1. I'd like to verify a number: residues in segment 111-137 that are out of contact with any helix residue (DSSP H, G or I) (no Cβ under 9 Å at 6 or more places or on another chain) and not polar (S, T, N, Q), how many?
2. Within the set of pairs 6 or more residues apart or between chains, which connect a residue that is within 17 Å of T143 (Cα to Cα) inside segment 54-72 to a residue that is surrounded by fewer than 24 Cβ atoms within 10 Å (Cβ to Cβ) and of a type in the set (K, R) with Cβ atoms less than 8 Å apart?
3. Looking at segment 166-174, is at least one residue surrounded by fewer than 17 Cβ atoms within 10 Å (Cβ to Cβ), over 14 Å from the mean Cα position of the chain (by Cα) and not aromatic (F, W, Y)?
4. Looking only at segment 113-164, count every residue that is under 20 Å from S22 (Cα atoms) and exposed (fewer than 15 other Cβ atoms within 10 Å of the Cβ) and tell me the total.
5. Which of (1) modelled with pLDDT of 95 or more; (2) in a loop (DSSP other than H, G, I, E, B); (3) more than 30 Å from L192 (Cα to Cα) is the odd one out, the single condition G62 does not satisfy?
6. Could you grab me the full set of residues in segment 213-225 that are surrounded by 16 or more Cβ atoms within 10 Å (Cβ to Cβ) and over 16 Å from L202 (Cα atoms)?
7. Scan (1) more than 26 Å from F147 (Cβ to Cβ); (2) surrounded by 18 or more Cβ atoms within 10 Å (Cβ to Cβ) for the single condition E101 breaks and write down its number.
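The values are calculated or read from the model by the stated rules, or taken from the named source; none is laboratory data. Everything numeric in this text was worked out from a predicted model, so none of it was measured. Methodologically, a virtual Cβ is constructed for each residue, glycine included, from the backbone with ideal geometry; neighbour enumeration extends over all protein chains shown.
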Amino acid sequence: MDGAEHTKTIEGRFKRVLLKVSGEALMGDQPYGIDMNTADRIAGEVGEAVEAGYEICLVIGGGNIFRGLTAAAKGMERAAADYMGMLATIMNALAMQTSLERLGVESRVQSAIPMTTVCEPYIRRRAVRHMEKGRVVIFAAGTGNPFFTTDTAAALRAAEMGCDALFKGTSVDGVYDDDPRKNPDAKRFEQLDYIDVLARDLKVMDASAVTLMRDNQIPIVVFNIREKGGLARVLAGDGVCTIVGS
């Protein structure tokens, strides 16, 4: 698909977007934790999107700090491990809020686990109103329940917010039939159907998230969040990405 076709597919189609960012994306070149330079760069791209007229909300994973599944595999009780992972997402959300507000971008963190001394509780109508006012809303603590991933939380919030698309920022520029970092012959898909993703187990997002997007007819746009300016290019229809839809 050439640039013109990308433009017809994306440009002008989306106004309200949920951006899902993995916790690992915030590490930058570090082996662990939050690289504030990377957080600032991502915040800058989000701010540019808001300035361009998009309504943006975010879900950030917690894998740069704590992964519940990994801890559970080592013997920790799964529910406790997942709650610890949710707390990691709150740390990342507060870091991103700091980066956004340093750039003059108004933002709010809403947590599915009430933590009123540091952020707002998740209230759907309040979140929608924030976005209508041009504020970036960062949803933290997943769904507030164990056994659900932040992918599922992102899909749920995208549906609740009435988003036009869910943008998933990854370490590669789309969905491939194999890991392009290990297989140089891996093929990138331009477009996929939700059913194709589920049937081929392509690991775009977990199955419950993809199913929720399919049921609500919200496209998933997979792009490289590590590439500087990637979000703006994809929103403008010029970037490289894979679109999952029907």
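1. Summing the residues that are out of contact with any helix residue (DSSP H, G or I) (no Cβ under 9 Å at 6 or more places or on another chain) and not polar (S, T, N, Q) in segment 111-137 gives 10.
2. What qualifies is C57/R16; G68/R78.
3. Looking through segment 166-174, none of the residues is surrounded by fewer than 17 Cβ atoms within 10 Å (Cβ to Cβ), over 14 Å from the mean Cα position of the chain (by Cα) and not aromatic (F, W, Y).
4. So the count comes out to 1.
5. (3)
6. Answer for segment 213-225, where residues must be surrounded by 16 or more Cβ atoms within 10 Å (Cβ to Cβ) and over 16 Å from L202 (Cα atoms): I218, N224, I225.
7. (2)
To keep it simple, each residue is scored yes or no on (1) farther than 19 Å from E24 by Cβ; (2) out of contact with any Cys (no Cβ under 8 Å at 6 or more places or on another chain); (3) free of Cβ contacts under 8 Å to residues at least 60 places away in the same chain.
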position	(1), (2), (3)
G174	no, no, no
D177	yes, yes, yes
E190	yes, yes, no
I195	yes, yes, yes
Q217	yes, yes, yes
I220	no, yes, yes
